[in-house]
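Structure, as structure tokens:
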Amino acid sequence: MSTANDHVHVVATLQALPDQIASLAALLGELARTSRQEAGNLRFDVHQQASNPSQLITIEHWDGSASVDAHMTSAHVGTVLARLAPLLAAPPQIVRYSQIA
């Protein structure tokens with residue numbers, strides 16, 4: 001059983017090309033729906049910056065590093081990563097955080 005201190009949050013920041021905002025939002029929505037079904041996923045949300053609609057983020061909450069590792073190596077994440085490049089103005093920034101309190 002995991003404790004709150006084992007939990008991992010992942011924040012991915014993605015900058016869409018101006019004409020690809022809707023496509024990126026749809027792709028991330030698909031990723032969120034699939035990821036929420038994975039073992040160890042506690043939450044997966046997609047947000048769009050209010051003052052800069054081309055910037056989207058995912059905020060993920062996992063029960064531990066093993067679940068994140070399994071997620072990142074899953075077939076559906078590989079498919080999404082392959083489809084991202086033509087939608088983005090810059091490479092995505094993906095940062096993993098450990099819960100400390």
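Every number here is computed from the coordinates shown, using simple stated rules; none is lab data. What you are looking at is a predicted structure, and each value in this text was computed from that prediction instead of being measured. Note that we place each Cβ from the backbone using ideal geometry, even for glycine, and neighbour counts take in every protein chain shown.
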Mind listing whichever residues of region 67-84 are among the hydroxyl-bearing types (Ser, Thr, Tyr) and surrounded by 11 or more Cβ atoms within 10 Å (Cβ to Cβ)? Ser67, Ser74, Thr79
Which residue is farthest from Asn5 (Cα to Cα), if the candidates are limited to region 85-101 and must be surrounded by 10 or more Cβ atoms within 10 Å (Cβ to Cβ) and under 12 Å from the mean Cα position of the chain (by Cα)? Pro92
When the residues of region 10-45 are narrowed to those that are charged (D, E, K, R) and not in a strand (DSSP E or B), which ends up farthest from Ala70 (Cα to Cα)? Asp19
Pairs, first farther than 14 Å from Gln99 by Cα in region 59-72, second hydrophobic (A, V, I, L, M, F, W, C) and part of a helix (DSSP H, G or I), C-beta under 8 Å, six or more apart: His71/Val77
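For every residue, the table says whether it meets (1) more than 14 Å from Val11 (Cα to Cα); (2) among the small types (Gly, Ala, Ser); (3) within 14 Å of the chain's Cα centre (by Cα).
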residue: Glu38; (1), (2), (3): yes, no, yes
residue: Phe44; (1), (2), (3): no, no, yes
residue: Ser54; (1), (2), (3): yes, yes, no
residue: Glu60; (1), (2), (3): no, no, yes
residue: Gly64; (1), (2), (3): yes, yes, no
residue: Val68; (1), (2), (3): no, no, yes
residue: Met72; (1), (2), (3): no, no, yes
Could we say that Asn52 is in contact with a strand residue (DSSP E or B) (Cβ under 9 Å, 6 or more places away or on another chain), in a helix (DSSP H, G or I) and surrounded by fewer than 12 Cβ atoms within 10 Å (Cβ to Cβ) here? no
